[in-house]
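**Q** Here's a structure for you.
All of the numbers you see were taken from the coordinates with simple rules; none came from a lab. Keep in mind it's a predicted model, so treat the numbers as computed, not measured. Note that we place each Cβ from the backbone using ideal geometry, even for glycine, and neighbour counts take in every protein chain shown.
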Amino acid sequence: MSINNNLTISHFQSSNTVNDCPTKIQPEYAFIGRSNVGKSSLINSILNQKAAYTSSKPGKTQLINHFEVNNKWCLVDLPGYGYAKISKQKRKEIIERNNNYFQNRGVQLIAVFFLIDIRIEPQKIDLEKMEWLVNNNIYFIRTFTKCDKLSAYKIKKSAEIYNKSMKQNNWVSIPETIVTSSKNKIGINEVLTKIEKLNNQYFNFQSNIT
């Protein structure tokens, strides 16, 4: 049974920089990945509505988009990276925008859902981005997308290939992983259950220090 039927977007805001982001203090969960990874479709499946703009052309998200959910927490749609058909300056701006958000959003950034197309072999840029998150002490969940495109056997093999590549790049442990499909709703409940668990930890901690 779906657990996202009672989700309501109570506020939406697009921001050019982290300094423009909402000032309300509440837990945030950022979604990021290479352009065309299926981020907008996954966000829409999680929120159970057409909230994020989807397009056949990658690279449409270029601002920091906050979706406040049930007046309680925020899903943050960050610009995708790695899209070749934009200027070098624009790519630089997007990298800086994302990095500044990660480094300056503070304790309200609870987790990052790092999206990877499970059909594609490990990419250097993805491995480098995940390593950057680790080096900056930012908790992330490796989130494979588009699993409906592969058989169960190929999903397992793709994950094994990715794990092997990470170990070859000196990863001591494999990140927590969720396998998803926005088309078939696979993994959506798992993502929301994870967010709910982290929300409970956040609010319990806040109540103990006030």
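**Q** Principal axes first, then extents: for the Cα atoms of the chain, list largest minus smallest coordinate on each axis, whole Å, largest first.
**A** Largest to smallest, the principal-axis extents are 46, 45, 36 Å.
**Q** Under 25 Å Cα to Cα from LYS24, which lysines show up? Leave out anything in the same chain fewer than 8 places away.
**A** Of all the lysines, those that pass the test against LYS24 - Cα under 25 Å, at least 8 places apart if same chain - are LYS39, LYS50, LYS72, LYS194, LYS197.
**Q** Over all alpha-carbon pairs in segment 132-193, figure out the percentage whose distance exceeds 15 Å.
**A** Details: 1081 of 1891 pairs.
The proportion of pairs with Cα distances above 15 Å equals 57 percent.
**Q** Peptides 170-181, 111-122: what's the order by average Cβ count within 10 Å, highest mean first? Can you show the working numbers first?
**A** On the way: 170-181: 14.8, 111-122: 19.3.
Descending mean neighbour count gives 111-122, 170-181.
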